[in-house]
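Everything on this sheet refers to the single structure shown next.
The values are calculated or read from the model by the stated rules, or taken from the named source; none is laboratory data. Since we're looking at a predicted model, the values are computed, not measured. In this analysis, Cβ positions are derived from the backbone assuming ideal geometry, glycine residues included, and neighbour counts consider all displayed protein chains. Protein only, heavy atoms only, side chains kept; ligands, DNA and RNA dropped before computing areas. Shrake-Rupley method; radii C 1.70, N 1.55, O 1.52, S 1.80 Å.
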Amino acid sequence: MQNMNIILVVILLGGWLGGKITQRIGLPAILGMLLFGIAVGAPIRSGAPGIFWELDPMIRSAALVIILLRSGLGIRKAALARSGKSALLLAVIPCLAEGSALTLLFYYVWGFELFSAGTAGFLLSAVSPAVVVPSMLNLMEHGYGRANEVPTTVLTGASGDDVLAITLCTLFMQLASGAVSTEEINITAILLRIPASIIGAV
């Protein structure tokens, strides 16, 4: 348990320091965090106790929840009302266009199975909240894009984009693994789940 505590402190403190260093030289903080993670990944992997890997999914989910909470708390209700339509289109159109294009690319060019191609396509089509959210919050703090509510639109659209991509990626993953057969698919339920997921994200 003591090793577990030390590893968590190293990850948190090292990531924070890495972000501060890259910010000082004019680069995004996320780059420093990523470089630190790559540098310590191998030593931590070999020395981490078994419980660390059992907690790994929960830690990653908690990190995503924190990022999306930061996004939600940075959105003003009045601004969201003005940019609602644009945010909805931004959440749906790029995700479906990118995911569909990648699915076709994986299927026809690289010879993936259809459901595996769909899984990979919508996995890659999701935007990175770890990059988008801090960037947009930084723009809001400095007052950029406030006239047209650009940061609010992007924050809301990015959250909806992630939910839509995760929904479709999970569906294709279940089909690829055989957890759900094509006969069991309810197209109406899937079509209703997509807007419901986006509204829930908003």
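Quick notes on this structure:
- Scope segment 1-30; condition open to solvent by 70 Å² or more (accessible area, probe 1.4 Å) and of a type in the set (A, V, I, L, M, F, W, C); matching residues: 1, 6, 9, 12, 13, 16, 17, 21, 25, 27
- Some residue of segment 65-74 being modelled with pLDDT of 75 or more and surrounded by 17 or more Cβ atoms within 10 Å (Cβ to Cβ): no
- Of all residues in segment 162-176, those that are modelled with pLDDT under 80 and of a type in the set (Asp, Glu) have Cβ atoms under 6 Å from Cβ atoms of residues that are outside any helix (DSSP H, G or I) and open to solvent by 20 Å² or more (accessible area, probe 1.4 Å), 6 or more apart or on another chain, in 162/126.
- Filtered residue count, segment 115-167, keeping only those that are hydroxyl-bearing (Ser, Thr, Tyr) and in contact with a Lys or Arg (Cβ under 8 Å, 6 or more places away or on another chain): 2
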